[in-house]
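A.B. asks: Before I ask anything, let me first share the structure, which is written out below as structure tokens.
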Amino acid sequence: MDVRVKLLILLATSLLIYSLIVLLKVLYDYWWVPLRIQHFLNSQGLRGPPYKFIHGCNKQINKMRSEALSKPMGLTHDILPRVFPHYYSWINLYGKNYLSWDGAQAQVVTTDPELIKEVLKNSEQTFPKRDPLFMLAGYWGMGLLQLKEKNGRRRGSWPTMFSMGRV
């Protein structure tokens, strides 16, 4: 065989192997892991809308939101069904705590005040802060809200900035 043919066969097989590896990684990240998370949380009693491949619940949320905004709002102060119709319907359907999907990322939604206090207290750093989105990080910078350590260097500037002489 000619050297060119051997090189072409080598290139084709390596491209095939690479595409197979990429396909397996995509299937693992966007199909297997979310289904495993859903099964694990369902076994613990945390139910929610089922996972849909790649987009999660986003299509269902957009559909519910467009339906809610298309109807006129009645004379009431109960705006949750209009602003967040998916929260309202899923809380009524699945209870105070449920599992939702933002793409392939699982989100546990809770309305239990005691559990919310525990999450906000976060004394053992069990629930880490999420990093800001790449586009918003430039606007916000690394200010006081993005501090991750408890007693950071910038935290010492709070008393001087907000003293009564400066306010």
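The values are calculated or read from the model by the stated rules, or taken from the named source; none is laboratory data. Just so it is clear, the structure is predicted and the values come from calculations on it, not from any experiment. Neighbour counts run over all protein chains shown; Cβ positions are idealised from the backbone, glycine included. We work out accessible area using only protein heavy atoms, side chains counted, and drop any ligands, DNA or RNA first. Shrake-Rupley method; radii C 1.70, N 1.55, O 1.52, S 1.80 Å.
A.B. asks: Quickly run through the stretch 88-111 and pick out the residues that are part of a helix (DSSP H, G or I) and open to solvent by less than 80 Å² (accessible area, probe 1.4 Å). Working first, answer last.
C.D. replies: In the first step, residues of the stretch 88-111 are kept if they are part of a helix (DSSP H, G or I); the result is 88-94.
The answer is S89, W90, I91, Y94.
A.B. asks: Looking at L20, L11, L24, which one is free of Cβ contacts under 8 Å to residues at least 12 places away in the same chain and farther than 30 Å from Q105 by Cβ? I'd like the intermediate steps shown before the answer.
C.D. replies: On the way: L20 fails: farther than 30 Å from Q105 by Cβ; L24 fails: farther than 30 Å from Q105 by Cβ.
Just one listed residue meets the conditions, L11.
A.B. asks: Does P72 qualify as being of a type outside the set (G, A, S), out of contact with any Asp or Glu (no Cβ under 6 Å at 6 or more places or on another chain) and more than 16 Å from L35 (Cβ to Cβ)?
C.D. replies: Details: of a type outside the set (G, A, S): yes; out of contact with any Asp or Glu (no Cβ under 6 Å at 6 or more places or on another chain): yes; more than 16 Å from L35 (Cβ to Cβ): yes.
Yes: the conditions hold for P72.
A.B. asks: State all residues of the stretch 112-150 that are among the aliphatic types (A, V, I, L, M), open to solvent by less than 100 Å² (accessible area, probe 1.4 Å) and either at pLDDT 80 or above or under 28 Å from R36 (Cβ atoms) (or both); if no residue qualifies, say none. Can you show your working first?
C.D. replies: Narrowing the stretch 112-150 to residues among the aliphatic types (A, V, I, L, M): 115-116, 119-120, 133, 135-137, 142, 144-145, 147.
Imposing the further condition that a residue be open to solvent by less than 100 Å² (accessible area, probe 1.4 Å) reduces the set to 115-116, 119, 136-137, 144, 147.
Within the stretch 112-150, L115, I116, V119 meet the criteria.
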